[in-house]
Structures are given as C-alpha cells and as structure tokens.
Amino acid sequence: MKIDVLTLFPEVFETYLQTSVIKRAQDSEAVQVKLVNFREYSLDRHHTVDDYPFGGGAGMVLKPEPLFRAVEALNKDDKAIDRIILLSPQGKPFTQSIAKELSNVQRLMLICGHYEGFDERIREHLVTDELSIGDYVLTGGELAALVVMDAVIRLIPGVLGNPDSASSDSFANGLLEHPQYTRPRKFIDWEVPEVLLSGNHQEIAKWRHEQSLLRTLQRRPELLANVELSQKDREWLKQQQRNEPTV
Ligand SMILES: C[S@@+](CC[C@H](N)C(=O)[O-])C[C@H]1O[C@@H](n2cnc3c(N)ncnc32)[C@H](O)[C@@H]1O
C-alpha cells in the first residue's frame, strides 16, 4: 500500500513513523508513506496556502489551488489514488470497520487541514471521503492522519507478527476484547481466574467470549445492536442483566 500525506507540518510524523509496527511495516515494504508539504504547490512568491474567509469571520481558510495542484501532481507520478481522505471534525466517524476497508486499498491519500478549515470546494470537488476521529476539535489534521494510518497499517496482511492479534482486538468482531492476565498468578491478593490456568482451550474460549459480551454490555451496550448474537449469547446476556441489575 502507498499512503501520501498532504500536510503543512511533515516533521510531526517523523518520530511516530520510525517506531514499532509502523516502522516495521515500512521496512518490510508492506506500506510506503510519502509526506508532502502542500505549501510547495503554492505558486505565489510567498508560498501562501491560506487566506481570509469571504464574508468575514475569525481565522484563515486553506485555499483550494495548492491542494488541487498537489493532488494532480501526485496522481500522475504513480498508480492512481484510490481514496482521497480529508481529515475533518465534520467527517464520518472513523471506526475499525472503515480501517479494515481501507487496509485493502492500494493507494490512499490523507489531507491534513489547519487554521479555521478548508475552502468548501476542496470538500466538494477534490476528496472522496471525509473522516473524523472524534467529536472534538484539534489544531490540525496531523494527529488524526496518524490515528487513521496506524489503525489501517496494522490491518494490512502480514504487518502484525501474529495475525490473530488483530482479529481478537476490540471491535474486530463488533465486541470489546475480554480481560487479559499475565504472570504472576497471584498479585497482592488478586488471583488470575482459575479457568485461564486450566489448560482447557474450549472452556477458555467460552470464558473469553462471555467476558467479551459482558464487557461490551457494561461499557458500550450500543455496540451489541450491530453484532450477530447467537440464542445462547442472548440468554447469557439476559442472565447477566438479571444478576447485575446495575449493568
Ligand atoms: C481547528 S480545525 C478546524 C475546525 C473547523 N473550523 C470546524 O469547525 O469544522 C483544523 C483542522 O484540524 C483537523 N481536525 C480537527 N479536529 C479533527 C477531528 N476531530 N478529526 C479529524 N480532523 C480534525 C481538520 O483537518 C481541520 O481542518
């Protein structure tokens, strides 16, 4: 996969891209990330990328020309860009299923905003998608682009050493992940659940699935509406709700 990131602050990405799974993914050529400062595509003497909003108001707005020119130039230099994504608090909420879908794309472009926002024509005529990483406003799209890139890259086949880690993560099957324990078996007064030490893989899988259901019910009950639950799952959840009237 190839990812082009259009930003006014490419230096923000450098440390993160040189760390852990994302670094390994680039080293193994599963992904190639290109950071492009779209200021370079501004034609005027001062390389201006923003201007005052028509109609007045606070802040500056990103001009359309540098971004349109940057996308046009990058589109020519290699295989066509499949998805051009604008990071924006007004976008579609980014989820694990969107990350999964994007992990199958050949070439992705992420556009990071700054200042007060974008000229609306960028939204309407340049990008294919608009994604938000949450209902809050960041100073720029750089952190949002890193969030999207990280979530997507770790799902590219072969990037994670053990492919099972992504498939058992929270949200992979619509549920939150079950609790995890490691050594020691007893820490202070708290013991690891007996079933995890039993060596009975079927019982362990059953316990984990039930804990995953329970945790989702307790913390994010709205997620259960989008999960295909078996009759057994439904009954077990009902029983938990009867046992724990606070959930
Ligand atoms: C200060 S924000 C502009 C917010 C804009 N005035 C609005 O109300 O929609 C500057 C840039 O940060 C990025 N950004 C801010 N919050 C974001 C979020 N929750 N998700 C994705 N990108 C975000 C976008 O690229 C945005 O153009």
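For the stretch 1-44, the candidate set comprises residues that are assigned to a loop (DSSP other than H, G, I, E, B) and free of Cβ contacts under 8 Å to residues at least 12 places away in the same chain; within that set, the residue that is surrounded by the fewest Cβ atoms within 10 Å (Cβ to Cβ) is GLU29.
Restricted to the stretch 175-222, and to residues there that are among the polar types (S, T, N, Q) and surrounded by 14 or more Cβ atoms within 10 Å (Cβ to Cβ), the residue that is nearest to THR95 (Cα to Cα) is THR216. Within the stretch 109-119, identify whether any single residue is more than 14 Å from VAL5 (Cα to Cα) and at pLDDT 95 or above, and answer yes or no. There is at least one residue in the stretch 109-119 that is more than 14 Å from VAL5 (Cα to Cα) and at pLDDT 95 or above.
Quick one: is ASP150 of a type in the set (Asp, Glu) and within 23 Å of THR15 (Cα to Cα)? Considered against the rule, which asks whether it is of a type in the set (Asp, Glu) and within 23 Å of THR15 (Cα to Cα), ASP150 comes out as yes. A search for C-beta distances below 9 Å between a residue of the stretch 64-90 that is assigned by TED's automatic domain parsing to the domain that holds ILE122 and of a type in the set (Asp, Glu) and any residue that is part of a helix (DSSP H, G or I) and away from the ligand (no atom under 16 Å from the Cβ), counting only pairs 6+ apart in sequence or on different chains, returns GLU65/TYR41; GLU72/TYR41. Here VAL192 meets the list (1) without any contact (Cβ under 8 Å) to a residue 12 or more places away in the chain; (2) of a type in the set (Val, Ile, Thr); (3) in the same structural domain as ALA80 (by TED's automatic domain parsing) almost entirely, failing just condition (3). Listed here are the helices (runs of 4 or more DSSP H) enclosed by the stretch 61-171 that have at least 1 residues being over 14 Å from the mean Cα position of the chain (by Cα) and away from the ligand (no atom under 16 Å from the Cβ): 64-76, 120-125, 163-168.
The values are calculated or read from the model by the stated rules, or taken from the named source; none is laboratory data. Small disclaimer: the values here were computed from a predicted structure and weren't measured. Reconstructed Cβ throughout: ideal geometry from the backbone, glycine too, with neighbour counts over all protein chains shown.
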